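The values are calculated or read from the model by the stated rules, or taken from the named source; none is laboratory data. Here the structure is a predicted model, which means the values were calculated and not measured. Positions of Cβ are backbone-derived with ideal geometry, glycine not excepted, and every protein chain shown enters the neighbour counts. For accessibility, only protein heavy atoms count, side chains too; no ligands or nucleic acids. Shrake-Rupley method; radii C 1.70, N 1.55, O 1.52, S 1.80 Å.
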Amino acid sequence: MSGELTASEALALRMTSLLLRPHPSIRPDTVADVVQWFGAMQAQDLASGLWSLGARLPGRTVADVQAALERREALRTWPMRGTVHLVPPADARWMLELTGVRSLAGSATRRAQLGLTEADEGRAMDVLGEALAGGGRLTRAQCLATLREAGIGTDGQRGYHLLWSASVRGVTCVAPNVGTEQTFALLDEWAPESRRLERDEALAVLAHRYARGHGPVTAREFAGWSGLTLTNARRGLAAAESALTTVRVDGEPMHVDAALADLPRVPLDDVLVLPGFDEYLLGYRDRRLMLDSAHQQAVVPGNNGIFQATVVRAGRVAGVWKRKIGRSAVTITVQPLTTLDAAGRPRVEEALGRYADFLGLPPRIDWLA
């Protein structure tokens, strides 16, 4: 497949790149496979992050995914845009150095707003480093208590800022939850075999992973996703050119994994249910291929950055859903945004059944219309 693509063909490529359709060059079998493929996956909401992995690893349960994270197949940190992502442990440090540091640009202003000094920030990193050394793992509450005991204020947003800063600067990382509580560990201990990349190599690696995991994409999309400048985004894509191919969508040149250049034109009619914070939507600034502008409000109410979980049919958002997990069942409420034919609802319910299986609970499905 090459040259000018229709919207449907471009969507088919994107869904394949996103590992939501079978890909000709990879069949991911582990959490590590999936995260390595993308390079970084949205994970600011842990439950969404777990299902993002589960949706790409059919047959796995939430317990399987949680166990993989305990085995350190991936870890969470703030590599770009001030947002938590899942990343390969060996790549966390160079990613933080490449993209994470850009989010520190406003750190001095934010410190001043919070009544913190640079010395407070440095002291907090020392205190956390000492408390976590030797395999330590503390919950967020325990980290904040440790800082307060050292005489560092954590009221208001101070505590969050200090924990964020320690992770962006490569001191800590977010370890798997203990129960419902977020935990932190030392990055050096959770990723002892960190790769070291020169800047140009790092740009090329990140650009290649983004394009292969999201393509077709433009340099502007890569810049938006990574937080890099447009100049550096273009530089990275140029350096990764040998692994990519160029297609045109609505006359605009876009980059895609070279393995998809000759992908057969298979009809796109898949029905999926995805979490709100998934690369499917959050991996792009321009979401017109996947999301009708008339449905923007339903997916991101109030445009507040909180994305609803989506029902996706043929690559397009067709509805939103919410879930409430109980002891004996998961109750799922579905709001269609498009008209479903006679086969539509059973297929959506089948897809929701796969999510319920992931949780290990029977589903109770309610339709709003």
> For the chain, what is the largest minus smallest coordinate of the Cα atoms on each principal axis, given in angstrom and ordered from greatest to least?
Replying inline: 63, 52, 37
> What list of whole percents do you get for P(r) of the range 291-369, with Cα-Cα distances grouped in 10 Å bins up to the one holding the largest distance?
Replying inline: 18, 49, 30, 4
> What are the ³J(HN,Hα) values, in whole Hz, obtained from phi via the Karplus relation 6.51 cos²θ - 1.76 cosθ + 1.60 with θ = phi - 60°, for each residue of the range 338-353 in sequence order, with x given for Gly and Pro?
Replying inline: 10, 6, 9, 6, 4, 8, x, 5, x, 6, 5, 5, 5, 5, 5, x
>> Using just the Cα positions, wrap the range 129-237 in a convex hull and report its mean projected area in square nanometres, one decimal place.
In response: 9.0 nm²
> Heavy-atom accessible area of GLU70 with all protein chains present, probe 1.4 Å, nearest 10 Å²?
Replying inline: 80 Å²
>> Along each principal axis of its Cα atoms, how long is the range 112-183 end to end? Whole angstroms, biggest number first, please.
In response: 33, 23, 23
> What relative contact order, as a whole-number percentage, does the range 196-340 give when Cα pairs under 8 Å and 6 or more residues apart are counted?
Replying inline: 17 percent
> With θ set to phi - 60° and the Karplus curve 6.51 cos²θ - 1.76 cosθ + 1.60, what are the ³J(HN,Hα) couplings of the range 109-117 in order, to the nearest whole Hz, using x for Gly and Pro?
Replying inline: 5, 5, 4, 4, 4, 8, x, 9, 10
> Tell me, what ³J(HN,Hα) does each residue in the range 132-140 have, in order and in whole Hz, if you take phi through Karplus 6.51 cos²θ - 1.76 cosθ + 1.60 with θ = phi - 60° and put x for Gly and Pro?
Replying inline: 9, 4, x, x, x, 8, 10, 6, 4
> Under 11 Å from a point 7 Å along the Cα-to-Cβ line of THR83: which residues of the range 272-311 have their amide N that close?
Replying inline: 277-286, 305-307
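Explain nothing, just the number: relative contact order of the chain, from Cα pairs under 8 Å at least 6 residues apart, as a whole percent.
So the answer I get is 19 percent.
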> Hey, got the dipole for the chain? About the Cα centre, +1 on K and R Cβ, -1 on D and E Cβ, debye to the nearest 20?
Replying inline: 540 debye
> Which value does Rg/Rh take for the range 34-186 over its C-alpha atoms, Rh per Kirkwood?
Replying inline: 0.98
>> Restricting to Cα pairs below 8 Å that are 6+ residues apart, what does the relative contact order work out to for the range 1-104? Please round to a whole percent.
In response: 24 percent
>> At 4 °C and a viscosity of 1.567 mPa s, what translational diffusion coefficient does Stokes-Einstein give for the range 9-113, taking Rh as the Kirkwood radius over Cα pairs? Give it in µm²/s as a whole number.
In response: 87 µm²/s
> What is the sum of charges around THR333, taking Lys and Arg as +1, Asp and Glu as -1, for the other residues whose C-beta is under 11 Å from the C-beta of THR333?
Replying inline: +3
> Between ALA40, ALA294, ALA238, which gets the highest mean-square fluctuation from a Gaussian network model of the chain, Cα cutoff 10 Å?
Replying inline: ALA294
> Roughly how many percent of the accessible protein surface of the chain is carbon and sulfur, given a 1.4 Å probe and a whole-percent answer?
Replying inline: 49 percent
> With each run of n ≥ 4 DSSP H residues scored as -39500 (n - 2.57), what mean residue ellipticity at 222 nm is computed for the chain after dividing by its residue count and rounding to the nearest 500 deg cm²/dmol?
Replying inline: -11500 deg cm²/dmol
> How big is the range 221-262 in terms of Cα radius of gyration and Dmax, in angstroms?
Replying inline: 10.9, 31
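Over the chain, give the accessible area per residue in Å² for a 1.4 Å probe, as an integer.
Values: 16080 Å² over 369 residues.
Computed with neighbouring chains in place, this is 44 Å² per residue.
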>> Please compute one quarter of the surface area of the Cα convex hull for the range 219-334 and express it in square nanometres.
In response: 9.9 nm²
> Which length gain, in nm to one decimal place, applies between ASP33 and ALA119 when the Cα-Cα distance is subtracted from 0.36 nm times their residue separation?
Replying inline: 27.0 nm
>> I'd like the FRET efficiency for ASP155 and VAL266, computed as 1/(1 + (r/R0)^6) with the beta carbon distance as r and R0 of 41 Å, rounded to 0.05.
In response: 0.15
>> When only alpha-carbon atoms are used, what values of Rg and Dmax, in angstrom, describe the range 34-74?
In response: 9.4, 24
> How far apart, in nm, are the 7 Å Cα→Cβ label points at THR61 and ALA133?
Replying inline: 4.1 nm
> For SER242, SER328, what's the largest-to-smallest order of accessible area, 1.4 Å probe?
Replying inline: SER242, SER328
>> From the protein chains alone at 1.4 Å, what is the descending order of accessible area for HIS255, HIS85, largest first?
In response: HIS255, HIS85
> So what's the net charge close to THR30: Lys and Arg +1, Asp and Glu -1, counting the other residues with Cβ under 15 Å from its Cβ?
Replying inline: 0
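Summing +1 for each Lys or Arg and -1 for each Asp or Glu, what net charge is found among the other residues whose Cβ lies under 14 Å from the Cβ of GLY106?
So the surrounding residues net to +2.
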